[in-house]
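First comes the structure, then the notes that go with it.
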Amino acid sequence: MVGNYGEMEEQNQKLDQALEAEQAQLTDPSMNGHLKRLLWHGGSVYDAWFSAASNQVAQVLLTLPYSFSQLGYPSGIVFQLFYGVIGCWSCYMITSLYVEYRTRKEREGVLFKNHVIQWFEVLDGLLGPYWKAAGLFFNCTFLLFGAVIQLIACASNIFLLNDHLDKREWTYIFGACCMLTVLVPTFRNYRLWSFFGLLMISYTAWYMTIAALAHGQIPNVVHSAPTAKVPYFTGATNILYTFGGHAVTVEIMHAMWKPVKFKYVYIFATLYVFTLTIPSAIAVYWAFGDLLLEHSNALSLLPRSGARDLAVVLMLIHQFITVGFAVTPLYFVWEKIIGIHTSKNMLLRAVCRMPVILPVWFFAIAFPFFGPINSTVGALLVTFTVYIIPCTAHMRVFYTAKARQNAVVRPPFFMQSWIAIYLVNIFIVIWTIVIGIGWGGWASVTTFKDQIKTFGVFAPCYQCPPTAAPAPALSLNTTHHN
């Protein structure tokens, strides 16, 4: 039986909205109640767009000029456009599989009233336990290190404002602050934060563009990239990481009234992200050139001013929000493991969530390599989580003619052939294995090992000026670099 998912979703939406409106009128008809629903309970396509765009570009915005100094202008621009496009395609694959899974379950009478569907459950329901295990491992590991990267970025940015504490000490402080994310129930409750988060990242991106152009080029500026394979593929993999931010796609979709529309939401989110990432990376690289090779955080090169300090503060807030985006799906997984996910006692859930943030805290302190860690995570985790598994799973689910005939989501209007869809998926999988995991993994791991040898594990102040750097870290050799 072929179902009309659009009609089913519309009925579910009306039912849920009616129930919520009735409950709200009975429990809290005051102005405070209305404000709470306005600012706290989201589920529209606009909420999803704010969440997708805000989550896709965060601290990586500050490292893209660094990637341009490794790639050069042509490759930097082409890789952004290329990975943005295939990122949208893989998101489409995830959306299709989620809708297929949810529709099958709803036909069986399964309700998801207090249950948040996650990617590993989609794989389990459609393909079985082995796919579930793969999805669970790669997705959770990626989200864990995604939160680690944001926490590292918080310390790197606040150090630009206050260097009385080293970056490791700032990581201790912001790690404790991140405990507050346990209080956010689901992605529907990120409505206000997503909105302001996107405004913050937009300000920072355009500040970087305008400030770099106003600053002009430094004396004897050099733009030598690309110069070697290791930095080239490290930079390319950082861009792969940039547009691999849809590890939380399923959770954001599940928070929508009409999840089937998310594939369009993500396209428009990516187009907006292009307007932030490309101009800022070009402008900062134009102004500072190869100097960026030693400064992975672009804000550290821009002269201090009120506008720059505001950009730093807004980035800090945005990164804090993005930590929440990364760890919230991990909270859901942990809740399901210990059996409290469907509990309505939010205090109990918040307390039980706290252990999840501890490994984030630990790894951020151990490997504070702002910039190089992005490429390593991109090569080893984003490749599987965002590109290989979704594309391969889509091919496996719709392998038979019967499955294609009964597919809830039909092929897009611009590609009506299932053969064409398979060819695109095969190309993305092969490209990701060869370029992302192969060349990108080799280059990123090499760079990461060099950072460990140079700065050491648990480095107190990664890439700090000599006058600000405290005692040496636990290093693997005696060479130190600033």
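Data overview
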| quantity | calculated |
| --- | --- |
| Cα-based equivalent ellipsoid, segment 162-239: semi-axes from gyration tensor eigenvalues, Å | 33, 19, 18 |
| Segment 277-399 - Debye-derived log10 I(q)/I(0), Cα point model, q = 0.11, 0.15 Å⁻¹ | -0.64, -1.01 |
| Positive-end extreme of charge dipole, segment 88-178 - chosen from Tyr92, Cys140, Ser156 (charges on Cβ) | Tyr92 |
| Residues of segment 247-312: accessible area per residue with a 1.4 Å probe, Å² | 31 |
| Theoretical gain in end-to-end length, Phe196 to Lys336 [0.36 nm per residue, Cα-Cα removed] | 47.4 nm |
| Inter-probe distance in nm under a simple model that places probes 7 Å from Cα toward Cβ, at Ile419 and Tyr73 | 4.2 |
| Alpha carbon centroid spacing (whole Å) that separates segment 75-92 from segment 204-253 | 14 |
| Area accessible to solvent at Cys352, 1.4 Å probe radius, in Å² | 30 |
| Net lengthening on full extension, Val221/Leu161 (0.36 nm per residue, minus Cα-Cα) | 19.0 nm |
| Using θ = phi - 60° and Karplus 6.51 cos²θ - 1.76 cosθ + 1.60, couplings along segment 345-355 (whole Hz; Gly, Pro as x) | 7, 5, 5, 4, 5, 4, 5, 5, 6, 4, x |
| Euclidean distance of C-alpha centroids, segment 114-176 and segment 310-348, integer Å | 10 |
| Backbone N under 11 Å from the Ala214 label point (7 Å along Cα→Cβ), restricted to segment 158-172 | none |
| Solvent-accessible area of Ile252 with every protein chain in place, 1.4 Å probe, in Å² to the nearest 10 | 10 |
| Long-range HN-HN contacts of Ala255 with modeled amide H, under 5 Å | none |
| Order of exposure, largest accessible area first, which applies to Glu100, Glu169, Glu121 with probe 1.4 Å | Glu169, Glu121, Glu100 |
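The values are calculated or read from the model by the stated rules, or taken from the named source; none is laboratory data. What you see is a predicted model; the values in this text were computed from it and never measured. Ideal geometry is used to build each Cβ from the backbone, glycine not excepted, and the neighbour counts take in all protein chains shown. Only protein heavy atoms, including side chains, enter the accessible area calculation; ligands, DNA and RNA are left aside. Shrake-Rupley method; radii C 1.70, N 1.55, O 1.52, S 1.80 Å.
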